Every structure is written in structure tokens, then in C-alpha cells.
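This report concerns only the one structure given below.
The values are calculated or read from the model by the stated rules, or taken from the named source; none is laboratory data. Treat the numbers as computed from the prediction; the structure is a model and nothing was measured. Side chains are part of the model used for accessible areas, which takes the heavy atoms of the whole protein and leaves out ligands, DNA and RNA. Shrake-Rupley method; radii C 1.70, N 1.55, O 1.52, S 1.80 Å.
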Amino acid sequence: MSAPASTPSPRRIAFDVLSAVRESDAYANLLLPVRLERSGLSSADAGLATELTYGTLRMRGYYDAVIRLAAKREIDQIEPAVRDVLRLGAHQLLSMRVPSHAAVNETVNVAAQAIGRSRVGFVNGVLRGISRVSPESWRRRVGTEAATPDDVIAQLESHPVWIVRALRQALAAERRPGADLEAELEALLTADNVAPRVNLVALPGGPGRPADAQADPHSPYGFTTPGDPFPLVRRSRGWLRVQDEGSQLAALALVAARPVEAGELWLDMCSGPGGKAALLGAEALRGGARLVANEVVPARVGLVRNAVEPLGDAVEVVEGDGRTIGVEQSARYDRVLLDAPCTGLGALRRRPEARWRKQPRDVAELTRLQAALLDSAVGALKPGGILAYVTCSPHLGETRIAVADVLKRHAGTLEELPTQEILQAAVTAPLDLAGDPAQVQLWPHRNGTDAMFIALLRKL
């Protein structure tokens, strides 16, 4: 029985989200849940819409290469809305177990409804052309057409070339003994294209993990759960939250750097949307410390307030520019978490559209901001205070180089701590780590987390 006319199809919801991502820089992870909640779709159809949306976004680069060959025209010669619907169809034909006739016919119906019947013939022709060639043959054709070895990797694994090169450099910088760099790079890119499970955290001091939870491998508070976790989160009144295990470890590294003493004052300098602030605040409450959660963007301040609400007076949420804190609140804090704004290259599996939005020039602008925030964080620390510098990016400019530069700028007043040793002592099972023992670089293909970077520094 067909759905009522007022109920959008999973493919139409996916198309609408893809269009919003392209037209207005919407974030799929924020927009899609809202669209699904309003749609009235069954859980199975909601799951289909989710796979269509995220799968299409992740593999967009590869699908564009296939569409270019099938359409016999450059991708930028196809109008944007038509590209969206063709990508949606390509995902079903090349990466899902959808019968070819259903993938083509249903996608053509979306084209007719959303972009007009005048485009239906072109969409139908290109999709039928894709359907006549096996997925394996398309991969061979795309690989053969690519101009350089890096273009081959970039197109087949659906990452921009500049990101492929940046990730290779980050892996190479670890100088991992016996590592096959190209094989590991391929494993990393493949991991970026696999949908991660929804990971949660049970804040310390709360009711703890539910009985059916599967504990995370490393975080003492992290877990996954069978079924839809969001009703569980809503019932918990803030004590259970969605949070990647890597983000949990970044916050816990700062806590584990030395024993917590009652009366300490901590700062989360860039706290929005509030996940790390909630975990830090819970640890502060347990140890008799207090946390100030600062955020510069007003809309994100509200998110932080919601995140830390269960913790009461243990957390003070303030709105301000982190770059000025080091002067305005000089030598005030015992611990500072700087989870710096970054390219987000470490979370591409969760935010797949980010790979198509970021450009190499963004790195230079972000590294200037990161340097200013680092200097401010050093100024805000008391002598003997500890700074955790964290990015959700493995790009060397945002990680190792940023740390080396701040150590030069503050020579004689700042020292590195053995971050790997500190974090290993705090986790429930050893992490597979490599590289400089003063720094931790997590990886999705190796650790099952987002690619978080963590460096602990102490002010002398």
C-alpha cells in the first residue's frame, strides 16, 4: 500500500537534505533528524532516508566521476539540482542492495516532483546508463580515467586530493615502525566512508550505563546500545549523551593529567556545543572543582547550557571571545581545555559534507585562530596549570606544527607532558598509539574513534 500523499518518501527527504546542504550550507546531522521527526516515516523508512543522505554525501566525489562518464559531460555542466538527484540514484545503484529498476524509477519520480518533468528524460537516461554497468566495472573505469595516482585514490575513496595528501602526511609523521603507509592511508579513507555507530557517554555521578549497554573499548564512561538510542537519551535528563569515544578521551586526558584537588578552577575555552564541557563538569563536580564553560557564538551558548544543566552550580556558562581571556583573566585557571575550531577532517565519517566544503586556504585562517587561542590559554593558566590542546583534525598544521609553534613562542614558560602515558593510564584498555609520546593522535581505522589530536602542556 502506498504512503499517503502528505507523507514524503525517504528518497524525497534525502534529496531535500542534500539540496539544503548544497544551497545553504546546512549540516546534515542537524537537519535530517528534524526532517525525519516531522515526516511520520516508519523506522525502516527513516533508516533508508538516513543511509541515502549520508551515503550520498560520503561518496559524492566517486559518484560524480561515474556520472561524468555516464552522462558524457563534465559534472559542472549539469545543473546543481540535477546533480543532487543523480548522486542519489548513483548511491542506490552502486552501493545499496536496491533493485536497479526500483532505484531508477523511484529516483526519476523524485526528479519529476522536485526539479520538474523537463529533466526527467536526462535523469532517466543517465541512471539507466549507470545501471547497465556493474559496480566493479565502474570502479575500474574511474580508476583508469584518473590523471595521477593521488587522483585515483581521491576519486575511488571519495575525498578531495588535498585531504588525501594531508592525511598521508599526518600518518607519515608518526613514523610507525613497519607500517605500509599507502595501505594504512587506504584503510583510513575507507573508514571515513563507513557509517559509525551512535556512541554515547554516561556522565559520572549519574545513573550510569543502561543494562543492555556495550561498553566502549577505552573510555570508562562510553557505550553503545542496541536499537534507537535517542529515546534513552531523552529520558535520562541529560545524564546520557551522544558523544564520540575520542571526544571523551580528550576531556579525560586533562582530568587524568594529575590528581584533582578540591577548589580547582577549570576552563573550557571553546565549549560549544557542550559535550566535552558536560563530561569535564561532571568530573569537576566529583572532585570538588568548578568549570567555566566559555563560548563565543550566542546560539551555541544555549546548547552548552542545556548540556551542563544536570550539573547545577559546578559549571558556569559564559559568552565571550576566547582570544581575550588570557589577558582579561590572566593566571586564573588550574586547567584549560582548548578544543580549538578546526577543519574537522577527523570527523568526516560523521560529517561527510565537510570534506566538500573545506579548502586548503581554510587551514591558514584556522591556524592563525588556533595560535591566538593557544596564546590566550597559556595566559589564562596559573603557574603549574595544565592545558589540553585538542583538535578534531589530524592535519599537521593544526596539530604537531601548532604545538611546536606555541612551545617556541612561550619558550621557558611552557613544557610538554607525556600525553600518551597519561591517557593510557586513564583508559580501560590500552590504545594503539604511535608517534611523539607527548602527543596523542587517534584514528578511526586504528582506534575506532574520530581522529582527535590531544597534547597536554604545563605552564612553568
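Starting from the Cα gyration tensor of the range 254-326, multiply each eigenvalue by 5, take the square root, and state the resulting semi-axes largest first in whole Å. Mind dumping the intermediate values first?
Values: eigenvalues 78, 37, 17 Å².
They are 20, 14, 9 Å, listed largest first.
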Please determine, in degrees from 0 to 90 and to the nearest 10, the orientation of helix 360-380 with respect to the longest principal axis defined by the Cα atoms of the chain, where the helix direction is its Cα long axis.
20
Taking only protein heavy atoms into account and a 1.4 Å probe, give the accessible area per residue of the range 343-460 in Å².
35
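Using a 1.4 Å probe over the heavy atoms of the protein chains, calculate the carbon and sulfur portion of the accessible area of the range 228-353 as a whole percent. The partial results should precede the final answer.
Details: 2490 of 4940 Å².
Heavy-atom surface of the range 228-353 belonging to carbon and sulfur, 1.4 Å probe: 50 percent.
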Report relative contact order for the chain in percent, whole number only (criteria: Cα-Cα under 8 Å, sequence separation at least 6).
13
Any idea how far the Cα center of the range 234-306 sits from the one of the range 102-126, in Å?
48
Please work out how much accessible surface Phe230 shows to a 1.4 Å probe, ignoring ligands, DNA and RNA, in Å² rounded to 10.
90
Can you give the relative contact order of the range 1-123 as a percent, counting alpha carbon pairs under 8 Å and 6+ residues apart?
25
Computed, not fitted: 222 nm per-residue ellipticity of the chain from DSSP H runs ≥ 4 (each -39500 (n - 2.57)), nearest 500, equal to -16000 deg cm²/dmol
Semi-axes a, b, c in Å (a largest) for the range 155-305, each sqrt of 5 times a Cα gyration tensor eigenvalue, come to 32, 20, 17
Degrees, to the nearest 10: 245-256 long Cα axis against longest axis of the chain:
10
Hydrodynamic radius by Kirkwood, which averages 1/r over all alpha carbon pairs of the range 168-226, in angstrom
14.2
Give the accessible surface of the range 234-337 per residue, rounded to a whole number of Å², with probe radius 1.4 Å and ligands, DNA and RNA excluded.
41
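Tell me, what % of the accessible area of the range 386-460 is carbon and sulfur with a 1.4 angstrom probe? Don't skip to the end; give the middle numbers.
Working: 1390 of 2490 Å².
Whole-percent figure for carbon plus sulfur exposure: 56.
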Crossing angle, helix 120-131 versus the chain [Cα axis fit, 0-90 degrees, rounded to tens]:
80
Solvent-accessible area of Ile75 with every protein chain in place, 1.4 Å probe, in Å² to the nearest 10:
40
Expressed in square angstrom to the nearest 10, the accessible area of His445 with a 1.4 Å probe stands at 50
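Please figure out what share of the DSSP beta bridges in the chain is antiparallel and state it in percent, rounded to the nearest 5. Could you put the intermediate results ahead of the total?
Values: 19 of 37 bridges.
The antiparallel proportion sits near 50 percent.
Based on the alpha-carbon gyration tensor of the range 91-192, what equivalent-ellipsoid semi-axes (square roots of 5 times the eigenvalues) come out, in whole Å, largest first?
Values: eigenvalues 261, 37, 32 Å².
Here the semi-axes work out to 36, 14, 13 Å.
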